[in-house]
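*Asks:* Pasting a structure here, questions to come.
Read-outs: derived from the displayed coordinates by stated rules, not from any lab. Please read these numbers as outputs of a predicted model, since none were measured by experiment. Cβ coordinates were reconstructed from backbone atoms using ideal geometry, including for glycine residues, and neighbour counts include every protein chain displayed.
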Amino acid sequence: MTLMAQCGKQFVGRRKAGGGYTYYDFLQNRHFDIAGPNPTSKELRYFDEQYALYLDTQRREAVAAAFAERQNRMARAILLRPSSLSCRPICLRIRFSC
């Protein structure tokens, strides 16, 4: 095992260019600033809270998208449905003389 791989397993945070550390949470696809090379229990708790909020937001967006799709389907069905109030075709008999 190389020293880089060993270091990556031992320290989950990465050094930032301006100082400090950052932690990448792949579940949320975002970075968090942390105090040291490994997150503290308080920071881990914060990540979990943020993940719960992230999941809630994802769920709400999925429900809203499904609702909007249902509304669109219903509106299209109403527009395409023949209405009883619509004009009926009138048959005209026209005689042509030759």
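*Asks:* Residue by residue through region 38-44, which ³J(HN,Hα) values in whole Hz follow from phi under the Karplus form 6.51 cos²θ - 1.76 cosθ + 1.60 (θ = phi - 60°), with glycine and proline marked x?
*Replies:* The phi angles translate into 10, x, 7, 5, 5, 5, 4 Hz.
*Asks:* Using 0.36 nm per residue of separation minus the Cα-Cα distance, give me the extension gain between residue 38 and residue 73 in nm, one decimal.
*Replies:* Stretched fully, the residue 38-residue 73 segment lengthens by 7.6 nm.
*Asks:* Using a Förster radius of 25 Å, what is the FRET efficiency between residue 17 and residue 52 based on their Cβ-Cβ separation? Nearest 0.05, please.
*Replies:* E between residue 17 and residue 52, to the nearest 0.05, is 0.20.
*Asks:* Further question on the same structure: Which loop-located trypsin sites (Lys or Arg not before Pro) does region 8-82 contain, where loop means any DSSP state but H, G, I, E or B and the Cβ has at most 15 other Cβ atoms within 10 Å?
*Replies:* 16
*Asks:* Name the long-range amide H neighbours of residue 21: under 5 Å, sequence gap of 5 or more, or other chain; modelled H, no Pro or chain starts.
*Replies:* 16, 34
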